[in-house]
């Protein structure tokens, strides 16, 4: 087996050796006759192998950059501020809502919805009208869908009450009790 010196002298030209010396950060000295280009290349390689690699300094994260522009729309690394948090109180209200039946009075459902969506800008009595129009099962299904979107990170909500309303409007409304013909006739006679 040949030594590294014999291999370099046999395979590398003088111009290639000078290029490699400069690439390794050395300077070729043509005035030294006893120390030719191949010896200088071998020394530069040995120094490069034995010198520890120092990683670049870590940038300070707390420094601010004045000319950076971050857009909220688009697929970039910017995370929008989330105003909807599922606290323990809200999760408890969601679990209570799941246990309710169609016989539950709408004011009770409305109070749970107000607990879940507290802090959202809604009209006074809005959650009562939602409770009157949709049964607890439909409401809880929309809440489960909303919770999955939020906890999975697929959707961030600036106004979760408005998004809940847009989702539930596509659901089937509560059945209205049918008025029998006998009740209609009784009211006509009383008038």
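General remarks:
- Treating r as the C-beta distance of residue 22 and residue 45 and R0 as 22 Å, the FRET efficiency rounds to 0.95.
- Burial ordering of 168, 139, 47, 54, fewest other beta-carbon atoms within 10 Å first: 54, 47, 168, 139
- Kirkwood-type radius of region 4-50, with distances r between different C-alpha atoms, in Å: 10.6 Å
- Cα centroid separation, region 109-171 to region 1-48 (Å): 75 Å
- Model label sites at residue 166 and residue 103, defined 7 Å from Cα along the beta-carbon direction, differ in position by 3.8 nm.
- With each label modelled as a point 7 angstrom along the Cα→C-beta vector, the residue 156-residue 87 pair spans 2.1 nm.
- Segment residue 145-residue 129, extension gain: residue separation times 0.36 nm, minus the distance between their alpha carbons: 3.7 nm
Taken together, the values in this text are just the output of simple stated rules run on the coordinates, not laboratory data. Worth saying up front: this structure is predicted, and the values here are computed from it rather than measured. Every residue, glycine as well, gets a Cβ built from its backbone with ideal geometry; the counts of neighbours run over all protein chains shown.
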